[in-house]
Structure formats: structure tokens, C-alpha cells
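J.: Quick one: structure below, then a few questions.
The values are calculated or read from the model by the stated rules, or taken from the named source; none is laboratory data. Model, not experiment: these values are computed from the prediction. Cβ placement follows ideal geometry from the backbone for every residue including glycine, while neighbour counts extend to all protein chains displayed.
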Amino acid sequence: MLDKKIKQRIINKFRTHEKDTGSSQVQIAILSEEIKLLTEHLNRHKHDNSSRRGLLRKVAERRKLLKYLQKEDEKAFIELVGKLKLKIGKKMIEEEAEIKRREQEELEAAKQRAQDREDAEEAAAERRAES
């Protein structure tokens, strides 16, 4: 559990406006600090499975919030990932870029297939007109 002073310091650092205490950025920053503390605890106490379960829940929650923030405000997402130095954020950015690249390739392939169909129809129409 985070100390109140540490939590307040995180809130002050990552808030988006004066009275912000619960934005995605703040929640992600708090979860990141809690994950860091739990990881240190589990390095000392390797058989503490209940804490391990709590860690996995926090990691999953942070990932959900990161996906939401990436979808809603990409600029804030990239800035937050940079501030927190999150490896998972960099991986998510790469995955998103790969998805966009694949979608673009599929779109181009569909355009090419449509163009090929048009060309084939024109050639068939020309052959019919010649006969």
C-alpha cells in the first residue's frame, strides 16, 4: 500500500488539472508505483502467492487503462509512457503501428482487386463488341 504522501506526490505530478485525482494518467501512475513496490516485495518473499495475485490484477488493470488512454488520447498516452518509462507502453505503440500498417495493406489489396475486376470486365466487354 502506498503512503499518503507518496500518493499525493504522484497525483500532483500526473494530474491534468487542478482538482484532478482520478484521471487515467493519475490512475496509471499510481498503479505503476504500486506494481513497483509489489515487485520489490515479491523479490524478497518469493512464496507470497496472494501478493503475486494482487500484482497480476494491478498489471491487468494498468494495461486496460493504458489501452483506454491510447484509444482516447494518443498524445497523452505517449507522454505518460515516456514519463513512467513503461516497456509495455512502447510495445503497445508498436502493436498499434503494426495493426495500422496491416489495415493499410489490406485496403490497398482490396483497391487492387477492384481495379483488376474492372480491367477484366472492360476486356470482356471489348471482346464481346469485337465479335
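Conditions (1) over 24 Å from residue 24 (Cα atoms); (2) surrounded by 10 or more Cβ atoms within 10 Å (Cβ to Cβ), marked per residue:
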{"site": "61", "(1), (2)": "no, yes"}
{"site": "65", "(1), (2)": "no, yes"}
{"site": "69", "(1), (2)": "no, yes"}
{"site": "73", "(1), (2)": "no, yes"}
{"site": "85", "(1), (2)": "no, no"}
{"site": "91", "(1), (2)": "no, yes"}
{"site": "101", "(1), (2)": "yes, yes"}
{"site": "104", "(1), (2)": "yes, yes"}
{"site": "121", "(1), (2)": "yes, yes"}
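A quick yes/no check of all residues on (1) at pLDDT 90 or above; (2) of a type outside the set (A, V, I, L, M, F, W, C); (3) under 24 Å from residue 11 (Cα atoms):
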| position | (1), (2), (3) |
| --- | --- |
| 81 | yes, no, yes |
| 89 | no, yes, yes |
| 93 | no, no, no |
| 108 | yes, yes, no |
| 114 | yes, no, no |
| 117 | yes, yes, no |
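J.: Within segment 53-79, how many residues turn out to be of a type in the set (Lys, Arg), free of Cβ contacts under 8 Å to residues at least 12 places away in the same chain and over 14 Å from residue 92 (Cα atoms)? Explain how you work it out, then say what you get.
T.: Taking segment 53-79 and keeping what is of a type in the set (Lys, Arg), we get 53, 57-58, 62-64, 67, 71, 75.
Remaining after also requiring free of Cβ contacts under 8 Å to residues at least 12 places away in the same chain: 53, 57, 64, 71, 75.
Those still in the list that are over 14 Å from residue 92 (Cα atoms) too: 53, 57.
The total comes to 2.
J.: Out of 57, 52, 44, 62, I need the residue that is within 12 Å of the chain's Cα centre (by Cα), closer than 20 Å to residue 1 by Cβ and not β-branched (Val, Ile, Thr). Which one? It would help to see each step written out before you state the result.
T.: Numbers: 57 fails: within 12 Å of the chain's Cα centre (by Cα); 52 fails: within 12 Å of the chain's Cα centre (by Cα); 44 fails: within 12 Å of the chain's Cα centre (by Cα).
Unique residue meeting the criteria: 62.
J.: Ok, one more. List the helices (runs of 4 or more DSSP H) inside segment 17-128, counting only whole elements, that have at least 3 residues being touching a Phe, Trp or Tyr at 6+ places or on another chain (Cβ under 8 Å) and not hydroxyl-bearing (Ser, Thr, Tyr). Quick ask: steps written out before the conclusion?
T.: Numbers: elements: 24-44, 49-72, 74-84.
Passing ranges, in order: 24-44, 49-72.
J.: Taking segment 1-38 on its own, how many of its residues are more than 25 Å from residue 76 (Cβ to Cβ) and not hydrophobic (A, V, I, L, M, F, W, C)?
T.: Pass one, segment 1-38, residues more than 25 Å from residue 76 (Cβ to Cβ): 1, 3-5, 38.
Going one step further and asking which of them are not hydrophobic (A, V, I, L, M, F, W, C), we end up with 3-5.
Counting residues in segment 1-38 that are more than 25 Å from residue 76 (Cβ to Cβ) and not hydrophobic (A, V, I, L, M, F, W, C) gives 3.
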